[in-house]
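The values are calculated or read from the model by the stated rules, or taken from the named source; none is laboratory data. Since this is a predicted model, take the numbers as computed values, not measurements. Virtual Cβ from ideal backbone geometry, glycine too; neighbours counted across all protein chains shown.
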Amino acid sequence: MIYLDNNATTPLHPKVKEKIIDFLDDYGNPSSQHEFGRKVRQMVEDARKNIADFLNCDPDEIIFTAGGSEANNTVIKGAVSCCAFCNVSNTHIITSAIEHPSVMNTLKCLEQQNVEVTYLPVDEYGLVNPKDVQNAIKKETALITIMYANNEIGTIQPMEEITKIANENNIPIHTDAVQAIGKIPVDLKKMSVDYLSLSGHKIYGPKGIGVLFRRKGTKSLCPLISGGHQENSMRAGTENTIGIIAMGEAIKQLNLEMNSDVKKIKYLRDKLESGLKKNISNISVNGHSEKRLPNVTNISFNDIEGEAILLRLDMHGVAISTGSACSSGSLDPSHVIIALNVSAEQAHSSIRFSLGRENTEEDIDKTIIAVTETVDFLRKISAI
Amino acid sequence: MNDTNWNYSDKVKEHFFNPKNVLKISEEKYKADGVGENGSPVCGDMMKIYIKVKDNRIYDLKWKTFGCASAIGSTSMLSEMVTANDGMELEEAMKIKPDDIIKELGGLPPNKIHCSVLGDKALRAAIKDYYRNSGQADKINTDKESRVVCHCLNVTEDEIKMEVLEGVKDFDTLQKRTKVSTACGKCEPEVRELVDKYVKKFYEKDIYSGE
């Protein structure tokens with residue numbers, strides 16, 4: 001089996017797996033004062049420090065959540081709710097048209113409570129224009145939230161520029177960096193976003209753990225889950241200690257291996273892309289050719305439909321994903337591909353290949369053959 | 001209910017992985033007696049059906065489909081249903097409903113049903129095309145008309161059912177798409193009931209197995 005769906009989720013890093021297994025008997029509650037608790041508290045804080053070192057921030061600025069979606073929800077709902085902005089109906093949020101559903105649907109929900117949301121368009125490559133951010137700002141703007149890199153096409157936004165605009169206008173800025181982390185350098189001293197979201201399972205850690213970075217001195221957010229004093233009262237509930245320790249280890253491994261892994265992954269991605277272009281006519285790559293995550297290529301195979309490609313490749317033992325409507329459970333194809341202003345047909349035909357640290361040259365050679373065969377077969381029976 | 005349901009039956013998989021009766025030669029060479037088309041690439045599904053008729057029976061049917069696994073699988077299934085036992089009589093083939101195909105396939109996930117709806121429509125279009133080509137156009141209007149629910153906008157119960165199959169799950173969306181009940185509005189309560197009825201019918205379970 002060849003796994004090319006690493007933007008959906010990643011396998012556990014062997015070191016992370018080892019760490020989890022070794023930890024399983026440490027059941028202490030990190031809030032307890034006795035030895036059982038103190039031991040686990042120390043491990044939780046070590047994990048927090050690993051993450052802070054990697055991001056170049058302070059450990060106090062790291063809040064553990066149940067994942068990227070929870071981190072996104074905490075910032076967006078927190079930014080407009082009880083604490084500083086009681087008058088929800090008089091606030092405004094700026095975002096982009098290609099955000100992850102955990103941002104998009106959270107904003108749709110706030111719109112029903114009369115929060116005004118500006119969805120900035122993207123160009124044909126998926127880029128937000130920083131000037132549009134500047135122009136969308138008004139005195140009610142309570143938050144700017146723009147994803148660092150897109151999950152479907154991999155386009156990397158000019159976050160430093162956008163952040164500068166937000167800072168100059170004194171508007172809190174959040175970025176969903178779930179897909180960026182581990183693939184491109186993220187330095188929180190260089191880029192002064194106020195909030196940033198991460199997820200464990202996209203970086204060879206387990207599911208159910210994520211991180212919200214909240215810069216010191218930014219306004220306090222109303223916690224999504226209220227209760228005990230855990231995570232500086234920003235996220236109540238006894239910590240997911242297994243997840244936290246595993247995420248700390250995953251980040252530690254990124255620190256050690258990211259540079260060499262990314263080089264290899266980018267080489268393989270480029271090989272896959274050029275191999276497919278050489279073998280198959282009438283295809284187009286969605287997204288930006290350079291300002292793009294090194295592990296992703298999103299390709300439209302015109303005249304055939306994505307789910308059919310997905311399932312036939314699955315039969316060949318190659319796992320990928322598609323932006324076609326048939327796989328989304330709705331009638332509409334991917335909002336990201338549609339936002340690039342390409343035809344709906346092209347969106348229905350789009351396939352995402354996302355590589356990871358375990359992929360080999362042999363995987364790519366086999367994938368090129370399997371995709372070529374699949375596309376050829378489906379084009380022969382296509383009514384277009 | 002799970003919106004992304006991958007529970008394709010073995011029959012669907014079989015027809016998707018090894019589709020039967022695909023048109024492999026050019027249309028010109030095949031020389032069909034009737035050709036029908038349905039769907040559009042914009043919606044993600046489009047199929048074309050080619051039939052050959054002798055003694056009022058469809059003795060051969062070929063097809064081409066742009067679409068997902070269930071669209072390909074259901075057209076392939078339909079092609080076998082129509083050509084089995086020396087071919088189906090035209091009148092009988094005209095009456096094939098999505099439910100008949102779904103039953104043969106062993107059920108489909110609800111969000112996939114609209115894909116299989118296209119095959120029978122394309123087949124009817126092909127039969128009508130054959131009637132026109134062979135000077136029997138008078139036979140075309142024998143379709144039983146569905147009951148009209150909204151008399152102002154001429155919307156039938158069948159249309160409402162089809163809209164639900166294609167993903168409409170509430171009255172407002174249906175109204176946007178069909179303009180139903182936008183004139184006198186008298187039929188609105190009945191239309192709402194029909195939407196609820198079909199939503200319940202098609203989406204209650206993870207697999208819809210036909211009537």
Residue that is within 9 Å of another protein chain (Cβ to nearest Cβ) and surrounded by fewer than 19 Cβ atoms within 10 Å (Cβ to Cβ), where the choices are A:SER281, A:SER343: A:SER343
For segment A:21-63, which positions are under 20 Å from the mean Cα position of the chain (by Cα) and among the aromatic types (Phe, Trp, Tyr)? A:PHE54
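Determine if segment A:244-257 includes at least one residue that is touching a Ser or Thr at 6+ places or on another chain (Cβ under 6 Å), without any contact (Cβ under 8 Å) to a residue 40 or more places away in the chain and surrounded by fewer than 17 Cβ atoms within 10 Å (Cβ to Cβ). Break it down into steps so the answer makes sense when it comes.
Here is the first cut: in segment A:244-257, the residues touching a Ser or Thr at 6+ places or on another chain (Cβ under 6 Å) are none.
No, segment A:244-257 contains no residue that is touching a Ser or Thr at 6+ places or on another chain (Cβ under 6 Å), without any contact (Cβ under 8 Å) to a residue 40 or more places away in the chain and surrounded by fewer than 17 Cβ atoms within 10 Å (Cβ to Cβ).
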From B:LYS139, B:LYS169, which residue is over 15 Å from the mean Cα position of the chain (by Cα) and within 14 Å of chain A (Cβ to nearest Cβ)? B:LYS169
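Considering only segment A:375-384, state which residues are in a helix (DSSP H, G or I) and over 28 Å from A:ILE98 (Cβ atoms). Show your work before the answer.
As a first pass, look at segment A:375-384 and keep what is in a helix (DSSP H, G or I): A:375-381.
A:ASP376, A:PHE377, A:ARG379, A:LYS380, A:ILE381, listed by residue number.
Go through segment B:10-22 and count every residue that is touching a helix residue (DSSP H, G or I) at 6+ places or on another chain (Cβ under 6 Å) and either more than 8 Å from chain A (Cβ to nearest Cβ) or crowded, with 22+ Cβ neighbours inside 10 Å (or both).
Number satisfying all stated conditions: 6.
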Hits in segment A:1-27 (condition: in contact (Cβ under 8 Å) with a residue 40 or more places away in the chain and farther than 20 Å from A:LEU355 by Cα): A:LYS19, A:ILE20, A:PHE23, A:LEU24, A:ASP26
Mind checking which strands (runs of 3 or more DSSP E) fall wholly inside segment A:272-374 and carry at least 3 residues that are in contact (Cβ under 8 Å) with a residue 12 or more places away in the chain and under 24 Å from B:PHE16 (Cα atoms)? A:296-301, A:350-354
Being among the basic types (Lys, Arg) and surrounded by fewer than 15 Cβ atoms within 10 Å (Cβ to Cβ), is that true of even one residue in segment A:68-79? no
Quick one: how many residues across segment A:175-195 are of a type in the set (Ser, Thr, Tyr) and either touching a strand residue (DSSP E or B) at 6+ places or on another chain (Cβ under 8 Å) or under 19 Å from A:ALA97 (Cα atoms) (or both)? 2
Wholly within segment B:1-119, helices (runs of 4 or more DSSP H) carrying at least 3 residues that are acidic (Asp, Glu): B:98-105
Candidate set from segment B:26-64 (those that are facing chain A (nearest Cβ under 8 Å) and without any contact (Cβ under 8 Å) to a residue 40 or more places away in the chain); member that is surrounded by the fewest Cβ atoms within 10 Å (Cβ to Cβ): B:VAL42
Looking at segment A:1-36 only, could you name the residues that are under 19 Å from A:GLY317 (Cβ atoms) and acidic (Asp, Glu)? A:ASP5
Please work out if B:VAL164 is assigned to a loop (DSSP other than H, G, I, E, B) and at pLDDT 80 or above. no
Considering residues that are of a type outside the set (Val, Ile, Thr) and touching a helix residue (DSSP H, G or I) at 6+ places or on another chain (Cβ under 9 Å), the number found within segment B:165-196 is 14
